Structure formats: C-alpha cells, structure tokens
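This report refers to the structure that appears directly beneath it.
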Amino acid sequence: MFCAGGLRKVIVIFLIRAIRNVKSVYIIAFLAATACVLAAIVKTGHAATDGKATVQPGPAAGLGAVSGRTAATAEIIARSQSPTDSKPLAEPTLPHRWRTVQMRVTAYCSCPKCCGEYSDGMTASGHRIQPGDSFVAADKEYPFGTVMVIPGYNGGGAVKVLDRGGAITGPRLDVFFDSHQRALEWGVRNILVQVHN
C-alpha cells in the first residue's frame, strides 16, 4: 500500500510508541491503513486540485452512475490509474435543456414612440443599451438572462431577455432593434422560439 514519505514517518513513529500497548495495535493498524488510503487520494490530485468534484452525466438518467458506483468513486478510480496526469479535469458538460414555444413576436426600438417615458436607453434589467445590441423583452415568466433563439432575428443567434413591456404578457416577445424603421420592418410574426431552461 502506498503512503507519502512524510506521512509514512509519522505513522512509523506513532506505531513504535504505541506498540507497547497491545490493545492499541489494532487501532493503530486501522489508522495506518486509513492514512495510506487518504495519502493515495491526495497523491492522485483528487483533494489537491481545486476541491471541486466533477461529475459527468451518465448515459441513461444523467445521474453519473458507472457500473453501480457513483461518479465520484469512478473519478477517484480514474485519477488513481493515471497519477502522473496533473492537469485539472475540465468542467462537466451537461446537456442543455431547450423547449420550443409558439410566440407572437413584435419589435421595438428605444425611441419615445416605442418606449414612451422609458426611452432613456436603459432596459428594465438595468442594461444600458449600446449600438448593435440584440435582446428581447419578455413576460415575467422568463427571468432576466433567459436565453432564446428567435428565427430571423440576430442572425439566428441566441439572445437574452433584458427587458419587459406593458403589452408583453404570456407567449409574446418584443425583439429590440437600434432603429425605429428596422423595428417596423420586422412587423408581427407568429413563430416557434427556442427557450433555454
């Protein structure tokens, strides 16, 4: 069994002092074995990296079960088989959860015609509008920062919910444009929107 050098010396000194007491020999042996196991885990980097346990989702339920063992056990075994690899494990990649929602999508800009008294260049989330920004106003059902993909908007790229609107309730969105003309050109569209949960 492997023990780190310094830990081995402490255990040997402790064993020599405790050997006089026969009753404590069994306890000492158990503690020595436990210390060796802990030293092996530390040597492989499990406790010495960043203190984070990384769990990769399992193929069936996404819970990380590997042949009846937990993902943490599987990780310890995998790390102990390659103790020379000192690179930290990458962050786990968990499956993204998207849902499709049929929505009525209109458009707006930050002008007084679209925003009235709220045309100060600040969204309801506190975001200061910058040239070229792409974001949406959505119902309170979608918290600020919720990611959405709206076909035909922002080149099909993902955008975040950063604003609210008095008329934006239920399955409705308002996409932001930097000009009133572009917002008018969008019009009203009933489309399937991808929402990241």
Practice prompt. Amide H neighbours of Thr146 under 5 Å, at least 5 residues apart or on other chains, H built in the peptide plane: list them.
Written response: Val161
Item to complete: For His127 and Val101, compute 0.36 nm times the residue count separating them, minus their Cα-Cα distance, and round to one decimal in nm.
Response: 6.8 nm
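Assuming 0.36 nm per residue, please report the length gained on full extension of the stretch Val147 to Leu192 beyond their Cα-Cα distance. Don't skip to the end; give the middle numbers.
Working: separation 45, 0.36 × 45 = 16.20 nm, distance 1.43 nm.
Working it through step by step, the gained length comes to 14.8 nm.
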Practice prompt. Pairs of Cα atoms under 8 Å, at least six residues apart: use those to get the relative contact order of segment 118-197, whole percent.
Written response: 36 percent
Practice prompt. State the Cα centre-to-centre distance between segment 130-197 and segment 100-118 in whole Å.
Written response: 8 Å
Worksheet item: What is the fewest-to-most order of Phe176, Phe135 by other Cβ atoms lying within 10 Å of their Cβ?
Response: Phe135, Phe176
Worksheet item: Length gain on complete extension for the stretch Tyr118 to Glu185, per 0.36 nm per residue less the alpha carbon to alpha carbon distance?
Response: 21.9 nm
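No lab work stands behind these numbers, since they all come straight from the coordinates. These numbers were taken from a predicted model, which means no experiment stands behind them. Heads up, the Cβs are rebuilt from the backbone with ideal geometry, glycines too, and the neighbour counts pull from every protein chain shown.
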